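> First the structure, then my questions, so here it is.
The values are calculated or read from the model by the stated rules, or taken from the named source; none is laboratory data. Just so we're clear, the structure is a prediction, and the values are computed from it rather than from any experiment. Neighbour counts run over all protein chains shown; Cβ positions are idealised from the backbone, glycine included.
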Amino acid sequence: MKKVKQIGLLQTKEKLNQNKTISHLADIELEVEKCLKVENELEEIAKQKSSENEKVSSYSFQANRHLVQKVMEQREIIQNRQEYLAKEKIAAAQEISRSKAKTDVLEKRKRLERAKILAENELKQEDKFNYIIKR
């Protein structure tokens, strides 16, 4: 019984880790959505500034160019963040599948251990029965 309890505790621990990883994966998904939204907004701002055709002073032109450059830099940062999040998502998915496999193995071990205990109990009962009969 002691081993069965230990295996049960290991299963509980693994399920907690799995739930934590699933929660982390959901957070990653939310962050990916936010990054996409920000990237689209930055792209729209850059297009607006690039397509302005009205006459502007040289200072205004330089300021607009500087702004467009900063927007493009931010867009690149967002794209790098998205790449990182994609890798994190893959790692989390692998962790979840590893955790599920471990849970399955623990469940199998638990069933085998219970079967072993039942077999031992049956043998003990038979021995007691045989002992009583011999008396």
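> Hey, among Ser23, Ser60, which residue is under 30 Å from Glu107 (Cα atoms), assigned to a helix (DSSP H, G or I) and hydroxyl-bearing (Ser, Thr, Tyr)? Outline the logic, then answer.
Values: Ser60 fails: under 30 Å from Glu107 (Cα atoms).
None of the others qualify; the one that does is Ser23.
> Could you please find all residues in region 22-47 being in contact (Cβ under 8 Å) with a residue 12 or more places away in the chain and within 18 Å of Tyr84 (Cα to Cα)?
Filtering region 22-47 for residues in contact (Cβ under 8 Å) with a residue 12 or more places away in the chain gives 22, 24-25, 28-29, 31-32, 35-36, 38-39, 42-43, 45-46.
Those that are in contact (Cβ under 8 Å) with a residue 12 or more places away in the chain and within 18 Å of Tyr84 (Cα to Cα): Ile22, His24, Leu25, Ile28, Glu29, Glu31, Val32, Cys35, Leu36, Val38, Glu39.
> Looking only at region 115-126, decide whether some residue is hydrophobic (A, V, I, L, M, F, W, C), within 24 Å of the chain's Cα centre (by Cα) and modelled with pLDDT of 90 or more. Don't jump to the end; show me each part of the working.
Of region 115-126, the ones hydrophobic (A, V, I, L, M, F, W, C) are 115, 117-119, 123.
Adding the requirement that they be within 24 Å of the chain's Cα centre (by Cα) leaves none.
Within region 115-126 (the criterion being hydrophobic (A, V, I, L, M, F, W, C), within 24 Å of the chain's Cα centre (by Cα) and modelled with pLDDT of 90 or more), the answer is no, since none of the residues qualifies.
So that you can scan it fast, the table gives a plain yes or no per residue for (1) among the aliphatic types (A, V, I, L, M); (2) in contact (Cβ under 8 Å) with a residue 12 or more places away in the chain; (3) part of a helix (DSSP H, G or I):
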site	(1), (2), (3)
Leu67	yes, yes, yes
Met72	yes, yes, yes
Arg75	no, yes, yes
Glu83	no, no, yes
Lys87	no, no, yes
Glu95	no, yes, yes
Arg98	no, no, yes
Glu113	no, yes, yes
Ile117	yes, yes, yes
